[in-house]
Amino acid sequence: MGELFEQFDIWSAFGQTLYLAFFSAIGALVLGTFLAIMRVGPVGIFRRAGAAYVNLVRNTPLTLIVTFCLIALHYQLKIYLAPQDSPTSIVDNGVRWAIVGLAIYHAAFVCEALRSGINTVPTGQAEAARSIGLTFTQSLREVILPQAFRGAIAPMASVLIALIKNTTVAYAIGVAETAAFMRDGLEFRPDLSFLIFVIVAGFFVLLTMPLGIALTHLSQRLAVKR
Amino acid sequence: MSGSVLFDVPGPRARRRNAIIAAVGSAILLLLVVLVIRALAHNGEFTAAKWNPFLEWSTWRFYLLTGIWNTLKAAIAAVVLAMIFGFVFGVGRLSQNTAIRWISGAVVEFFRAVPVLIMMIFFFGIYAYNGVFPAAWNPFAAVVTALTLYNGSVIAELVRSGVFGLPKGQAEAGLSVGLTPGQTLRAIQLPQAITAMLPALVSQLVVILKDTALGTIITYPELLQQAQNLASARSNVIPALLVAAALFISINYLLTWLAGRLEARINNRGHTAGGAIGRAPTVPGAPVDQAHASALTPREARANAAEAP
């Protein structure tokens, strides 16, 4: 085992996975919340645009989205997310485009999770907010969304866990994260295949299972008592 | 709660405001579209040379249709095997024997926690290193194995929640006419649970179909891989990827529509005690079983499966 850790930079691969997960989760949360507000709002065109986004993105493979980000948007359309002249430009652009792709894809699921959270808010809450004269934005900000977020913790948790696992897809555009280590490990040390699998699988199990349990606990504790 | 509950029926002022917001919003959306089109045009993406390949039969014959066929082949093989895996471990989790229940639970939880791509790369390496299959079969075998293990675990959960979602009276009736718990499960609970979870199974097919695209990483010539091959042969990266995306989206829409139809049909038939929506039995005055009511209904299970990213 020590041998493997000496031969491959496993810690930096794990670190890269966490880095991708952290920033794409923030991106997906922001974009997803924005989409959810569009989808429940009073303006028809925003509702339709939000629905179109969710339906198109949800039915497209993540691998395709991430690949498109790098080879179409970056290579073909020459959109740079990191300075072109920096020595780490290639690596940085790959990582940042992977984050963009992951955020775009998971935002659709965050939006749906949040909408299901809004569904847990009783009609009476919205009616009460309206009847004391709050506007749409006010009632959303002060009454609906705080309760919706608490009700959406459980579905959001499954989106977050899926996102952590899906960061491996960044390997499709050459980001040096856990799947890249897996591929290198199997190529250069096929004799240690099972050990490598146990290390990588163990990393994901240790990452996602406690997170799942903690978030389920949190969702029960924070659930609005009704 | 539908969107309309969140705001009042708009009056004249609100209607005017909404119209202004809609106009500004449309202008922004339109601007985005124009910017995208201009960037694409600037890059020469609308030239005939880049789109003409899609009018040629050979493009479809050698790239896209082959890709679709490989994608469907892997997805169908995976869904059949995943159902077998799912039923074995799903029933295992319902077993009377603590050891079997525990082992099945551990297997299902483990394969749900490990990313599909990690399993794909692992099995690709294992099959290649040990020469399990002829070399040309390795990518296909690895894709199918990984998809089977992950989706089989998801189906095992569907089986379990499908049986839990049935009214308690079904099992009680089975036991009280003298069937053993195993017979009750096989003859009474499972047939109803399967009918109820059919739409969820079709939805799971969408997840499997999308995940076959991961096969491109281990050189399986599925649709995405074939689109990239086409792109390098005809140097039309953006059109090729857009067409591949359109094909994936159409196939998945078709499957989603099919799941909806299936669910409507099962609901209309109304023979299962659980039904596709997992309603409790409608014996007048029967007390509602709270423990059962709080269990995951098949519809919720289906929604969860469909929403799994």
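The values are calculated or read from the model by the stated rules, or taken from the named source; none is laboratory data. Note that the structure is predicted; figures quoted are calculated from it, not measured. All Cβ positions, glycine included, derive from the backbone under ideal geometry; neighbour counts span all protein chains shown.
Structure notes:
- Those residues of region A:142-156 which are surrounded by 14 or more Cβ atoms within 10 Å (Cβ to Cβ) and more than 9 Å from every other protein chain (Cβ to nearest Cβ), in sequence order: A:143, A:145, A:147, A:148, A:149, A:150, A:151, A:152, A:153, A:154, A:156
- Taken over region B:219-254, the criterion of being more than 9 Å from chain A (Cβ to nearest Cβ) and among the aliphatic types (A, V, I, L, M) is satisfied by B:230, B:233, B:240, B:243, B:246, B:247, B:254.
- Count of region A:1-48 residues which are part of a helix (DSSP H, G or I) and closer than 25 Å to residue A:143 by Cα: 21
- Those residues of region B:175-224 which are hydroxyl-bearing (Ser, Thr, Tyr) and either surrounded by fewer than 22 Cβ atoms within 10 Å (Cβ to Cβ) or free of Cβ contacts under 8 Å to residues at least 24 places away in the same chain (or both), in sequence order: B:176, B:180, B:184, B:195, B:216, B:219
- Of the residues making up region A:42-53, those that are more than 7 Å from chain B (Cβ to nearest Cβ) and buried (at least 20 other Cβ atoms within 10 Å of the Cβ) number 1.
- Evaluation of residue A:134 against the conditions (1) in a helix (DSSP H, G or I); (2) over 23 Å from residue A:64 (Cα atoms); (3) not small (Gly, Ala, Ser) shows that the sole unmet condition is (1).
- Among the residues here, residue A:188 qualifies as among the aromatic types (Phe, Trp, Tyr), more than 23 Å from residue A:32 (Cα to Cα), touching a residue at least 12 places away in the same chain (Cβ under 8 Å) and loosely packed, with under 15 Cβ neighbours inside 10 Å.
- For region B:114-127, the criterion of a residue being assigned by TED's automatic domain parsing to the domain that holds residue B:212, in a loop (DSSP other than H, G, I, E, B), without any contact (Cβ under 8 Å) to a residue 40 or more places away in the chain and more than 23 Å from the chain's Cα centre (by Cα) is satisfied by no position.
- Flag for residue A:168 being out of contact with any Phe, Trp or Tyr (no Cβ under 8 Å at 6 or more places or on another chain), at the interface with chain B (Cβ under 8 Å from one of its Cβ atoms) and under 26 Å from residue A:53 (Cβ atoms): yes
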